[in-house]
Each structure stands twice: as structure tokens, then as C-alpha cells.
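First comes the structure, then the notes that go with it.
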Amino acid sequence: MLLITCPWCGPRDEIEFSCGGEAHITRPSEPEALTDEAWADYLFNRTNPKGPHAERWVHTHGCRRWFNVLRNTATNEILAVYEMGKPRPDGEGS
Amino acid sequence: MAEPYQRQSALAHLGLAARAAADREKSDAGVQLGERAFPGQLNLRGDPGNEEFMDAASGTVDCVLPTVPNTSAGEDDLEEGPRVLWLAPVEWLIVTAAGAEEALAGELVAAAAGCGGSVTDVSDARTVIVLQGPNARDVLMKGCPLDLHPDVFRPGHCAQSLLARAAVILYRRADEADGSASFEIHVTRSFADYLWVWLEDAAGEYGVQVIEV
Ligand SMILES: [Zn+2]
């Protein structure tokens, strides 16, 4: 069970949250200009790393705000919690 | 709001008034449970960074809207006036005495709608279960992941969380005269019966007294 620090409500139990998958995936501004491969990559392909992973979480049963979490997928250690729209704090990846 | 003669509280079918009458002499119960029926509840949304909105809304509810997460402002005793719970950075729950919500909603709309505020009467969405007594906190700890240590979750604090997997808004009232804690649990109508049964079961080992609220 993870203890996740909501940027507003503070540390709360994992059961109050829902995970929204990988963060920092930007919708292409001109989808019609993309190849099928590039569009499929945007829709379906995710990084799935072993190690630090930036993902979106929502405090479903609390304040219902979305935010980003940097989580080590191998150890479940939460390395950072940061607001939507802010860059990934370790400077890695997209 | 439903016509008053048609309106039934979420736990009306449990006959709590009769049980409270039968339990009146009970003095050794570790937990007291009751339903505060028809709580006035208004959902207020607005931007706390907008001074005009904050002044208008705060002036109408007679207290400054709380901006510190998990805290409340206003009155503990609803007969004295409304109580405002922080729900989210742009959202509050205003709790009033039964019947006081309609007039207040009108005043709030008049004051705050022009500066980005939005008011929704959600009184019939949830009922309030009162849980108090020396073992009240022990009962909550069986089904709630919040840190309920008395120094952390203090009188006047509130939180949205899960209790026995049901979504609740929890508010800690001023302590009872004997120093024991008192909580109000806002629970959606459709979960009220389930949560009441769970609470009675969880509190069984401490002795339960049903009270009139
Ligand atoms: Zn939160």
C-alpha cells in the first residue's frame, strides 16, 4: 500500500487515489499530418521503464485534483509529487 | 427540495427515534450513534485568489472561507450559523441547520455569482451520521485510512476519505463535555444504510447507544 502525498490534502492512503497512466504525453497538434505509425505511437505506446516513471494520479476520494507523481516502478518509492503542467523534476524523458 | 411532507431522511426506515427512546437510560455505552436528518448542504465553488469572490462569499456565510486544506471555519453549533468545510482548492461545503440552506443559497448566489462563484444545493445528496463517545475514534480507525490521532485530526478539522470503502466527508466537532471526541460523517444517501449497519457492527464491542440528534 502506497502513502501518496496529495499536493493539497497531504499524505493519504493509496485507496483514495486513482492512477491515470503515464504523464507528459502531449496530444499532437496536427493529427492529420501524422503517419499511422506516429499516431499509433501517441495512442498506444508507453515507456514502461523499470525505475523512475512519471505518472498522473487523481485524488478521487479527496479533493479530486490531478497531479503528477514520479515513482520508481521497481521499488514503489515515490521520488516526487508535482503539479500538472510542471516539467519532470529529474529532467529525464519527455 | 422535495415537498416537506414527502421528505424522508436516508435512515428513516431504521426507526432510530424509537431506538433512541429505548436507549435513553443506557449510560455505559462506549459509542453513541445518531442521524442528523436533513442537514443543509451547499456546494460552493470559486477562486480563492479572487478577492472580490472571497469577500462576497465570506461576508454571506459570516466567516472567512478556509483556504488551509482539511480545515473548517464558521460555527460548530449549526444553530449559531453555517459551518464551512474545505473540500478542494476551489471548493467548499457549507453546512447549515435543517431548513436554513435555501435562504442562504439565494444570498450566496446574489453575492458571489457575479464574481465567478457557483452555488449548488446538495442537501439531499448526503445525510449526516453523528458518531461520538469514548470509543468513537476506535470505530473510525477500523475502516478509515486517515491519520485520526487526536493531535492530528483535531476539533474543526475535516477530510474527504473512505470509511469502510464508502466515500465520506468527515468532520470533527468540539469535544463532548466528558472530553470524548465527536464526529459528523457526511455520507451519500445510497450508502447511508450500509454505513450505519457497518458502524453498529464495528462499534458493537464497545456498546452502542442510539441517540436523537
Ligand atoms: Zn487531495
## Note on the structure
Condition set of a type in the set (Gly, Ala, Ser) and surrounded by 22 or more Cβ atoms within 10 Å (Cβ to Cβ), scope segment B:129-156, selection nearest to B:Ala17 (Cα to Cα): answer is B:Gly133
### Query
Taking the condition surrounded by 11 or more Cβ atoms within 10 Å (Cβ to Cβ), within 12 Å of the ligand (Cβ to nearest atom) and among the hydroxyl-bearing types (Ser, Thr, Tyr), does A:Thr5 pass?
yes
### Message
So B:Val64 passes all but one of these: (1) of a type in the set (A, V, I, L, M); (2) in a helix (DSSP H, G or I); (3) without any contact (Cβ under 8 Å) to a residue 24 or more places away in the chain. Which condition number does it fail?
### Response
(2)
### Task
May I ask you to list the residues in segment B:40-54 that are surrounded by fewer than 22 Cβ atoms within 10 Å (Cβ to Cβ) and part of a loop (DSSP other than H, G, I, E, B)?
B:Asp47, B:Pro48, B:Gly49, B:Asn50
### Query
Would you say A:Ala40 is in contact (Cβ under 8 Å) with a residue 24 or more places away in the chain and more than 16 Å from the ligand (Cβ to nearest atom)?
no
### Task
Within segment A:16-37, identify whether any single residue is polar (S, T, N, Q), assigned to a loop (DSSP other than H, G, I, E, B), within 16 Å of the ligand (Cβ to nearest atom) and closer than 30 Å to B:Ala166 by Cα, and answer yes or no.
no
### Query
In segment B:105-141, what count of residues is obtained for those that are within 14 Å of chain A (Cβ to nearest Cβ) and either free of Cβ contacts under 8 Å to residues at least 40 places away in the same chain or more than 19 Å from the chain's Cα centre (by Cα) (or both)?
1
### Positions within segment B:92-104 being in contact (Cβ under 8 Å) with a residue 40 or more places away in the chain, more than 14 Å from chain A (Cβ to nearest Cβ) and either more than 18 Å from the chain's Cα centre (by Cα) or under 24 Å from A:Arg64 (Cα atoms) (or both), in sequence order
B:Ile94, B:Val95, B:Thr96
### Task
Among the candidates B:Ala88, B:Ala103, single out the residue that is over 26 Å from A:Ile15 (Cβ atoms) and either modelled with pLDDT under 95 or assigned by TED's automatic domain parsing to the domain that holds B:Leu44 (or both).
B:Ala103
### Test result for B:Ala10, part of a helix (DSSP H, G or I), under 23 Å from B:Glu101 (Cβ atoms) and open to solvent by less than 70 Å² (accessible area, probe 1.4 Å)
no
### Query
Between residues in segment A:5-28 that are more than 9 Å from every other protein chain (Cβ to nearest Cβ) and farther than 13 Å from A:Thr60 by Cα and residues that are away from the ligand (no atom under 16 Å from the Cβ) and of a type in the set (Val, Ile, Thr), which pairs lie under 7 Å by C-beta distance while being six or more apart or on different chains?
A:Glu22/A:Thr47
### Query
Cβ-Cβ below 6 Å, separation at least six or inter-chain, first residue in segment B:71-91 and under 13 Å from A:Gly62 (Cβ atoms) and open to solvent by 10 Å² or more (accessible area, probe 1.4 Å), second within 12 Å of the ligand (Cβ to nearest atom) and modelled with pLDDT of 95 or more: which pairs?
B:Trp86/B:Pro69; B:Pro89/A:Trp8
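The values are calculated or read from the model by the stated rules, or taken from the named source; none is laboratory data. What you see is a predicted model, and the numbers here were worked out from it, not measured in a lab. Note that each Cβ is placed from the backbone with ideal geometry, even for glycine, and that neighbours are counted across all protein chains shown. With ligands, DNA and RNA removed, areas are computed over all heavy atoms of the protein, side chains included. Shrake-Rupley method; radii C 1.70, N 1.55, O 1.52, S 1.80 Å.
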